[in-house]
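A short reminder: the numbers here are calculations on the coordinates, not readings from a lab. Bear in mind that the values here come from a model prediction, so they are computed numbers and not experimental data. Please note: Cβ atoms are built from the backbone with ideal geometry, for glycine as well, and neighbour counts cover all protein chains shown.
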Amino acid sequence: TRKQTKISSFFDKE
Amino acid sequence: MFEATLQKASTLKKVIEAIKDLVTDGNIEVSETGMNLQAMDSSHVSLVSLVLHTDMFEHFRCDRNVTLGINLPNFAKILKCSGNDDSVTLKAQDDGENLAIVFESEGQERVSEFELKLMDIDAESLGIPDQDYNTNVKMSSAEFQRIVRDMTVLGDTCSIGCTKEGVKFSVSGDLGQGNITLRQTNSVDKEEEAVTIEMDEPVELNFALRYLGFFTKASPLCPRVTISMSPDVPIVVAYNVGGEKDTEGAGSLSFYLAPKIDE
């Protein structure tokens, strides 16, 4: 199975 | 106050059409460098980044930075009222509650004025690192749209693998499996259809086709699309706005999509 990752886990919050 | 005129209302119409199904509400930040919008979809799986530099506007005036909170489907409805060759002027007062949108026909014999109510949108902003990608594929945007559509027939997740020979899109689902490989070409007579691959190492990642499908709604903006990938990071699907082919436009519309990873 594959899990969908969130975009916010790759980029820092400003 | 803010006031900007774009010679082609159709460009703005295509931009908003391309993002309105992915993002409902977004803040357009206006500053002396131009207009920018960054927004995530409601599931926070993908990110849209729109940059429109002042160069692409016939006239651009921004005295103070303004944030325009916009409902994109409603903005799209108003932009649909523009004629093919109309210009569009956007106007907003500092702390105003409305965005004025004026369309003018080429000979200025028809002027249409609309107002869109602005919203207060509490949106999270992400810092996108300016990074180099392992792989950059440039191809026809229509071809990419067709491949994504064809892949969707078979499943919901697409693997995109790239080697020096070509780029391979693969899908498998309940009814079977399929793959489409595009070889690197440098066909001179059909420049827009050429597939060019710049890469360091072969890379293969999995993505939700639903989101790739949303991104391809930007195809009418530009005949070429750039797809950038590196291991274990979001894919970037980028279109030039207001430019021609591979040349740098005065603007860009980039979509970022987080990969699916094996559990």
Failed item, numbered, when B:R64 is tested on (1) away from chain A (no Cβ under 14 Å); (2) under 27 Å from B:S112 (Cβ atoms); (3) not small (G, A, S):
(2)
So which residues in the range B:40-63 are out of contact with any Phe, Trp or Tyr (no Cβ under 8 Å at 6 or more places or on another chain) and not in a strand (DSSP E or B)?
B:S42, B:S43, B:H44, B:D55, B:M56, B:F57, B:E58
Name the single residue that is surrounded by the fewest Cβ atoms within 10 Å (Cβ to Cβ) among those in the range B:1-47 being closer than 26 Å to A:K6 by Cβ and among the hydroxyl-bearing types (S, T, Y).
B:S42
Pick from the range B:125-148 the residues that are of a type in the set (S, T, N, Q) and more than 14 Å from chain A (Cβ to nearest Cβ): which of them is nearest to the chain's Cα centre (by Cα)?
B:S141
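Of all residues in the range B:131-147, which are assigned to a helix (DSSP H, G or I) and touching a helix residue (DSSP H, G or I) at 6+ places or on another chain (Cβ under 8 Å)? If you could, list the steps in order and put the result at the bottom.
Narrowing the range B:131-147 to residues assigned to a helix (DSSP H, G or I): B:141-147.
The answer is B:S141, B:A142, B:E143, B:F144, B:Q145.
Sort through B:V102, B:V51, B:V66 and tell me the only one that's under 20 Å from the mean Cα position of the chain (by Cα) and β-branched (V, I, T).
Numbers: B:V102 fails: under 20 Å from the mean Cα position of the chain (by Cα); B:V66 fails: under 20 Å from the mean Cα position of the chain (by Cα).
Every option except B:V51 fails the conditions.
Could you check the range B:143-165 and list, in sequence order, the residues that are surrounded by fewer than 16 Cβ atoms within 10 Å (Cβ to Cβ), of a type outside the set (D, E) and under 16 Å from B:V195 (Cα atoms)? Walk me through it before giving the result.
At the first step, the residues of the range B:143-165 found to be surrounded by fewer than 16 Cβ atoms within 10 Å (Cβ to Cβ) are B:146, B:149-150, B:153, B:156, B:164-165.
If we keep only those that are of a type outside the set (D, E) too, we end up with B:146, B:149, B:153, B:164.
B:R146, B:K164 - these are the residues of the range B:143-165 that are surrounded by fewer than 16 Cβ atoms within 10 Å (Cβ to Cβ), of a type outside the set (D, E) and under 16 Å from B:V195 (Cα atoms).
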